Amino acid sequence: MGWIETSGGYAVALDGTRVLCRNAAGRTLKQVPSKLKDDTEVVRLRQLAEWLERHERECREQVDTWLVRSLPVPVALLARVWPDPAWRSVLRDLVVAPVAADGSADTARAGFLRDADPVRGLGIVDLDGDSVRLDPAEVGTVLIPHPVLLEDLAELREFAAELGVEQGAEQLFREVWRRPEPAEDAPEGASAQDWRAYANGKFAQLRHATTRAVSLGYRVRGGYAVCPLVEGGRQLEAAYWVGDDYPDGETLTGSLEWRDAAGRRLPPGEVGPVAWSEGERMAALVYAGRVVENDEEGAL
């Protein structure tokens, strides 16, 4: 954006989401002078900067939803939003894969997204390092696979580093948790609500736990931090107990569980890899904000 003349010989411009100001001598100032804070052009640019920041955040949140819920994304939609710098910055270099006949990601044809065109389709760098095109006549939708679904994830991360990949959304370098194999002596029918790896996390006040959960993008309902999910076309949610007593009172976290759309608690065998990983991710992030009483506990 070019410089816009304003009062007192000053000029203002927008650099990304930052308002710049230069004086009559043409020198760029460290900040906009306080006497210009109510200037019409300065106010307009600041409002535009706020809108751009909100738009960029909404783009990231939408892409994160596609990834976490394994939602198919039309190639035509990607081509439509690609010219927008905010969309392009969050989509570029994400691993995308054509949707297979069974609705899963065809990871054998996956690659890093580099271009999206309504006529030529998607331009990707495949996992062999070759630049190829996904023909829109053949590939109508793609998935942005959750990293827990990607084979040889460690090698793929190394390859991404070699390519200089910097993803605008958390995908390849998103932490993943895998469902543990059931213990041989586990009671038959043991359910997911018995997963207590993140139980007994102490918060001095319940509102500290709930505020942390909300700030991380999760909902809080009925004493639980909740993460809505879709896996295999089925709606479900991960729920982590944070407490439902007085907001100013102390609380201890409890079990992590998974539920279907009807509210039925799911046994571990019915929890898919993405739902398990994202449920543990939520619990781990909230649990990390607990009161740590000594160095030994903090190291756990």
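The values are calculated or read from the model by the stated rules, or taken from the named source; none is laboratory data. Fair warning: this is a prediction, and the values are worked out from it, not measured in the lab. With ideal geometry, Cβ positions are generated from the backbone for all residues, glycine too; neighbour counts draw on all protein chains shown. Protein only, heavy atoms only, side chains kept; ligands, DNA and RNA dropped before computing areas. Shrake-Rupley method; radii C 1.70, N 1.55, O 1.52, S 1.80 Å.
Are any residues in segment 5-17 part of a strand (DSSP E or B) and open to solvent by 50 Å² or more (accessible area, probe 1.4 Å), and if so, which ones?
5, 15 - these are the residues of segment 5-17 that are part of a strand (DSSP E or B) and open to solvent by 50 Å² or more (accessible area, probe 1.4 Å).
Can you tell which of 199, 283 is closer than 25 Å to residue 60 by Cβ, open to solvent by less than 50 Å² (accessible area, probe 1.4 Å), in contact with a strand residue (DSSP E or B) (Cβ under 8 Å, 6 or more places away or on another chain) and of a type in the set (A, V, I, L, M, F, W, C)?
283 is the lone residue from the list that is closer than 25 Å to residue 60 by Cβ, open to solvent by less than 50 Å² (accessible area, probe 1.4 Å), in contact with a strand residue (DSSP E or B) (Cβ under 8 Å, 6 or more places away or on another chain) and of a type in the set (A, V, I, L, M, F, W, C).
Every residue in segment 148-160 that is free of Cβ contacts under 8 Å to residues at least 60 places away in the same chain and surrounded by 12 or more Cβ atoms within 10 Å (Cβ to Cβ), please.
Within segment 148-160, 150, 153, 157, 159 qualify.
With the requirement that a residue be open to solvent by less than 30 Å² (accessible area, probe 1.4 Å), closer than 14 Å to residue 223 by Cβ and assigned to a strand (DSSP E or B), what does segment 245-260 give you?
Scanning segment 245-260 gives 251, 256, 257.
Scan segment 194-207 and report the pairs whose first residue is small (Gly, Ala, Ser) and whose second residue is modelled with pLDDT of 95 or more and in a strand (DSSP E or B), with Cβ atoms within less than 7 Å and a gap of 6+ or a chain change.
Pairs found: 201/252.
Considering segment 49-101 alone, what residues qualify as being open to solvent by 60 Å² or more (accessible area, probe 1.4 Å), assigned to a helix (DSSP H, G or I), within 26 Å of residue 137 (Cα to Cα) and in contact (Cβ under 8 Å) with a residue 60 or more places away in the chain?
Hits for segment 49-101 are 76, 89.
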